[in-house]
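Bear in mind these aren't lab numbers, they're just calculated from the coordinates by the rules spelled out. These figures come from a predicted structure and were not determined experimentally. Ideal geometry is used to build each Cβ from the backbone, glycine not excepted, and the neighbour counts take in all protein chains shown.
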Amino acid sequence: MNKLFKLYRKNVIYRLIKMKNCLTIVGLFSLTILVVVSCSKSEDETNVNDFSGFYKIQSISSSLPIDLNNDGFKTNDYLQEVKSNYTSYNGEIINYGYDNELAHNFAEARPLPYQSNNAKILDLRFPVQRIDSIFQGNNNFVKMNMEYEKLITGFIYKLTTNNIEIESDPFNHFEYYNINNFEINRLSKEVFEINFDFHVYDFSDNEWTETRLKAKYIKITEE
């Protein structure tokens, strides 16, 4: 009987030791999962897209003095030319009403918080002339700016260390709008800048001119 009791006690001790080892393994496994999840969370936080949002055009400059509004004066301030009244070929003063402070003129960097599509798309909404030829009779035409339309772009971008790159142009907007030598740089978390060669119609010279444009965009903060 005593021998049987000793055998039973030995079996119980063995089971307790085995259970303790199992609990230790489970605990280590749980700790490993916790560490992995924590690391993944940290990496996700590091990869948060802090570029997405709306951006207002703060300034646009031209490498060459140009006359976009047909007032007879050339300037390097492209944005001011666009915002100023336009003088038509017949002397009519037209206010096309471009305003970089209005929301529908803001650049958009997706994805936005309310969008389910996580694609990184940049729409610059850059203002440009829409030039048409007006018939004057006897095979005579004059150029007129009909409005300032926006370059609606669908550039796919990617974030790099402290900067941004255009990864692809799936809708061929560079070719469609004849945008050449395009560059983009992130100056800070709130500001980015674009540079590109573009043709504009200079009314003082009555001809198309290629100039290099530089535009600075500043992020709109949510109130």
Residue-span extension gain [GLU101 to GLU210] - 0.36 nm each, minus C-alpha spacing: 36.5 nm
Gain on full stretching of the segment that runs from SER188 to GLN80 - 0.36 nm per residue minus C-alpha separation: 36.4 nm
Residue order, fewest to most beta carbons within 10 Å, for GLU207, GLU149: GLU207, GLU149
Inter-label distance, nm, simple model (7 Å from Cα along the C-beta direction), ASN162/ASN90: 5.7
